[in-house]
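The values are calculated or read from the model by the stated rules, or taken from the named source; none is laboratory data. Note that the coordinates shown come from a computational prediction; the quantities given were computed from them, not determined experimentally. In this analysis, Cβ positions are derived from the backbone assuming ideal geometry, glycine residues included, and neighbour counts consider all displayed protein chains.
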Amino acid sequence: MAGSAKRSASGAISPPPVKRKIESTVTKQSMSSFFTPTSQKKPKQITWRIVNNSLVVGKYAKESDHEQSAEKPRVAAFDLDSTLVSTASGNTFPRNSSDWKWWHDTVPSRLKELSADGYHVIVISNQKKISLQKEIKGGRSDSKSLTNFKERAAAVMEQLDIPLSVYAATLDDGYRKPRIGMWKEFLDDYDFDATGVDLSKSIFVGDAAGRPNDHSQVDRGFAANTEVPFKTPEEFFLNAAPEPLVEPFDPSLYLQADQNDDASPPFSRQSGLELVIFCGSPGAGKSTFYWDYLEPLGYERVNQDILKTRPKCIKVAKEHLAAGSSVVVDNTNADPETRSQWIEIAKGFSVPIRCVYFSASPALCRHNNAVRAANQSLNPESRTLLPGIAFGDFGRRFKEPTTSEGFKDIIRVDFRFRGDEESERIWKQYWI
């Protein structure tokens, strides 16, 4: 029969399929861990957490972690990049998670000595290049930058093999050095906010020390704000002599001294109707000056941050002048061309125009702006701190006003901070 006919001898016969060996992905270690009671399981050596969607915290735990002592704890805190490690490639920033080496051969042994001597060793680092946004692509829960940082920091912690915590500030907020948010988080993690730390016997080491070739002085400022002694990596690891400093910005120099009640106010009305323009960089104290001295005298305020455009400021100022109210233009008015528009308006209303010039330095203005930007929860108009949030180049293209432009007078104002005890404490901590 056709159905029972044998296949032709010339036809190729496929070999039987090879049985594939199924490899188990379950290791003996994972099986043992699965059946081990939770109470008997050892904690993971490295754990990570994110605080307020801003601060990255990693902890390397060991069974030989520090025991409780009757003495106050001592802390050895370090910056990370250019202090404990540098890039193996020579790049300013690491190419990937494996692009690192010890800053000096003595670093790991010195940190192990500190830990053996009872110090709590921690890392306090600004890491603004880390993004905390989740990555759906590839199924990753962490961004590539966060993954790279975790892997690099984990490699450092594993090579040291000592109890170690890493704090990394990713935003320009209260956690970022020289502000002390990371230090507070560390104290809270270890309950040292209750017991206290032996500050005089602790140390903070960092490369941003305000030396001529340093990118900033945030590490030195952080140490000053935490009241912990400070050293550079060269001083701490290599016993080098201290280097000369670039003149640091010190906010405490601008604190308002107690004024005599009999002192005359810095501004007084000279005419029944007048136009006053402020002239100064963002963060120079213009709005504070208005609320303290001109608002009580009945001057109306025109501000471009509120009204958004200069034409609208001009329109509102003209309406106030037409209604018989003196006006303050609370804008930067940084160049003669801008100021000339207000001078023409004053001429059109036949009123004198006066200028208040705020002479705060660019460094001071940057400091003020940093305070405002990182403390947005404060009511901008309450003057608890400096009102508002302003942006600008802080004097880079600023042209100082002169009487030859047509002003009746120019009143010069030097910035001085005046606030309550808490706002003063916050204001002093924002070193540049």
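Some notes on this structure:
- Of the helices (runs of 4 or more DSSP H) lying entirely inside the range 262-379, not one is found with 1 or more residues being touching a helix residue (DSSP H, G or I) at 6+ places or on another chain (Cβ under 9 Å), closer than 30 Å to PRO248 by Cβ and charged (D, E, K, R).
- Selection within the range 305-319 - modelled with pLDDT of 95 or more and closer than 19 Å to PHE289 by Cβ: CYS313, ALA317
- Scan the range 289-312 for residues that are within 33 Å of the chain's Cα centre (by Cα) and within 13 Å of VAL356 (Cα to Cα) and the total you get is 3.
- Residue, surrounded by the most Cβ atoms within 10 Å (Cβ to Cβ), within the range 68-99, restricted to residues that are in a loop (DSSP other than H, G, I, E, B) and of a type in the set (Val, Ile, Thr): THR83
- Complete set of residues in the range 214-247 that are outside any helix (DSSP H, G or I), in contact with a helix residue (DSSP H, G or I) (Cβ under 9 Å, 6 or more places away or on another chain) and hydroxyl-bearing (Ser, Thr, Tyr): THR232
- The residue that is surrounded by the fewest Cβ atoms within 10 Å (Cβ to Cβ), among those in the range 204-225 that are among the aliphatic types (A, V, I, L, M) and within 16 Å of ILE180 (Cβ to Cβ), is ALA224.
- The range 71-90 residues that are over 15 Å from ASP117 (Cβ atoms), paired with ones that are in a loop (DSSP other than H, G, I, E, B) and of a type in the set (Lys, Arg) (beta carbon under 9 Å, 6 or more apart): ASP79/LYS177; THR87/ARG95; ALA88/ARG95; SER89/ARG95
- In summary, helices (runs of 4 or more DSSP H) completely within the range 122-213 and bearing 2 or more residues that are in the same structural domain as ARG95 (by TED's automatic domain parsing) and of a type in the set (S, T, N, Q) occur at 144-160.
- Subset of the range 226-249 that is crowded, with 18+ Cβ neighbours inside 10 Å and within 24 Å of LEU187 (Cα to Cα) - its residue that is modelled with the lowest pLDDT: THR226
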